[in-house]
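Taking it in order: structure first as structure tokens, then the write-up.
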Amino acid sequence: MGKTIRDESTASAYWAAVNTFCALRDVHVIADAPVGCYNLVGVAVIDYTDAVPYLENFTPTSLTEKEIASSGSSEIVRETIEKLQAPGRQLILVSSAESEMIGSDHERMLTMKYPDVRFFPSNSLGENEWQGRDRALVWLNDTFGNSDSASVKAGTVSIIGPTYGCFNSPSDLAEIKRLIAGVGGELLHVYPFESSLHDIADLKNSDVLVVMYHEFGHALAEKLGRPVLQAPFGMGETEKFIHDLGRLLKRETEAGAFLQQEKRTTMKPVWDLWRGPQAEWFPTIRFGVTAAKTYALGLETFLSGEMGMQCLFSHNTAEADNTLVRDEIQQKQPQFLFGRIVDKIYLAELDSKTRFIPAGFPGPIVRRALGTPFMGHSGAVYLLQEIVNALYDMLFNFLPLNRRSTGMEEPAQKVAWSAEANALLNEMVKKAPFISQISYGRELKRKAELLTLRQGKESVTPELLGMVT
């Protein structure tokens, strides 16, 4: 029997190629695709995620039924190339699922007629977004790099990874840049987001490489043969990152001084919150994560491993079964859920009181401001601040209300409870967020007693209680 996937976890490798190549300022991407595919990845999705109205360096061939059914796409590819060729502009032709289904392969035609135009088979039908980005970065290096031996520039650092469609990329990139500068490193390249094709050959001359994401970028970093560090989450990883970077750049003294300064300045709010009354809430907080691997690992590392909060689940969305994710959300009812719009929809379907915090795409969320990092020391402060503020907000919402002013119906008489129903009520209340358990229990009790009276029953039973949840 076949398996039904409830929701798509990640976009295809076609989207990955577009988001990677279009980040290079001297590249223009031609998508061998219908105009609808262009509208989605080039206009609609990019506008609702990276707040870019449209990708100016992205053009579709506008496949129609005629090309798909009979003639193929070679002719409209040639017409599109003729319109777009210009000095200083590198054209890259990318296949889509539609062109792959009709077997379009333009490598030979381009070699004969347009040798300066490159063809990238996206493998849209076979790879997901992260696999596609990884392969696209390696392909760029193989195609536009050079075979010269490295001439390492001492003290330089290049960052690999930031592309369009990566959640929170501007803010997390700003934090990694800040850490590199604090240690005394010189930023050579941010690839591909702040780079051109000319910069590709220079990447191997970096003293150290920093890979932003666990999902992609390591294949290219390994090929370049330079020391590699992973962008950090939380306090422990960030401290190690600073020490390791200082050692690799031969800036141990600067790294030590910077770390001490960080503890006195950037990290002070974390220490203040830890010593304050808010810290008593931390062990009671139950959270879940459904996000790309970098954020799933990072949030669990910091919030659970370092701050002592309870991680109920942490799913890498490239591997997660969304049906099981929905079931787990329903069964475990986390107080906070870090996730995507998919997970927010699940919460709405379940009428859950869980507080949702965006932590990944897809989703109509703009993350262009530089003050919302998840990574590094600044990320630790930001995340903790968001959680504490949400706790204050929850506390306000769960304050006892004057029922006479709310219009909410109350039981007209005292209602008995069976021992089994009382036991079930206690179990249900225990699953609610600690800070809201009293209010949640009171509300369940009110609804169950009203239902019992309406049905003319003498006491609340487990069956009646189950009907109001």
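For the stretch 169-187, the set of residues classified as surrounded by 21 or more Cβ atoms within 10 Å (Cβ to Cβ) and among the hydrophobic types (A, V, I, L, M, F, W, C) consists of 173, 176, 179, 180, 183, listed by residue number.
Of 172, 142, all but one fail to be charged (D, E, K, R) and more than 30 Å from residue 234 (Cβ to Cβ); the exception is 142.
Counting only helices (runs of 4 or more DSSP H) that sit completely within the stretch 174-279, those holding 1 or more residues that are more than 29 Å from residue 149 (Cα to Cα), of a type in the set (A, V, I, L, M, F, W, C) and within 27 Å of the chain's Cα centre (by Cα) correspond to 234-248, 268-275.
On the given criteria, is residue 236 touching a residue at least 12 places away in the same chain (Cβ under 8 Å), small (Gly, Ala, Ser) and surrounded by fewer than 18 Cβ atoms within 10 Å (Cβ to Cβ)?
Numbers: touching a residue at least 12 places away in the same chain (Cβ under 8 Å): yes; small (Gly, Ala, Ser): yes; surrounded by fewer than 18 Cβ atoms within 10 Å (Cβ to Cβ): yes.
So residue 236 passes the test.
Within the stretch 389-424, restricting attention to residues that are of a type in the set (A, V, I, L, M, F, W, C), within 16 Å of residue 447 (Cα to Cα) and modelled with pLDDT of 80 or more, which residue is surrounded by the fewest Cβ atoms within 10 Å (Cβ to Cβ)? Among those residues, the one meeting the criterion is 416. Note on the stretch 132-190: residues that are more than 20 Å from residue 248 (Cβ to Cβ) and charged (D, E, K, R) total 6. Are any of the residues in the stretch 352-374 assigned to a helix (DSSP H, G or I), modelled with pLDDT of 90 or more and among the small types (Gly, Ala, Ser)? No, that holds for no residue.
Of all residues in the stretch 94-125, exactly one satisfies the criterion of being within 10 Å of residue 32 (Cα to Cα), among the aliphatic types (A, V, I, L, M) and surrounded by fewer than 22 Cβ atoms within 10 Å (Cβ to Cβ), namely 97. Close Cβ contacts (under 8 Å, 6 or more residues apart or on different chains) running from residues in the stretch 113-138 that are free of Cβ contacts under 8 Å to residues at least 60 places away in the same chain to residues that are of a type in the set (Gly, Ala, Ser) comprise 119/95; 121/95.
All conditions but one from (1) farther than 23 Å from residue 358 by Cα; (2) surrounded by 21 or more Cβ atoms within 10 Å (Cβ to Cβ); (3) among the charged types (D, E, K, R) apply to residue 215; the one that does not is (1).
The values are calculated or read from the model by the stated rules, or taken from the named source; none is laboratory data. Owing to the predicted nature of the structure, the values given are computational and were not obtained by experimental measurement. Every residue, glycine as well, gets a Cβ built from its backbone with ideal geometry; the counts of neighbours run over all protein chains shown.
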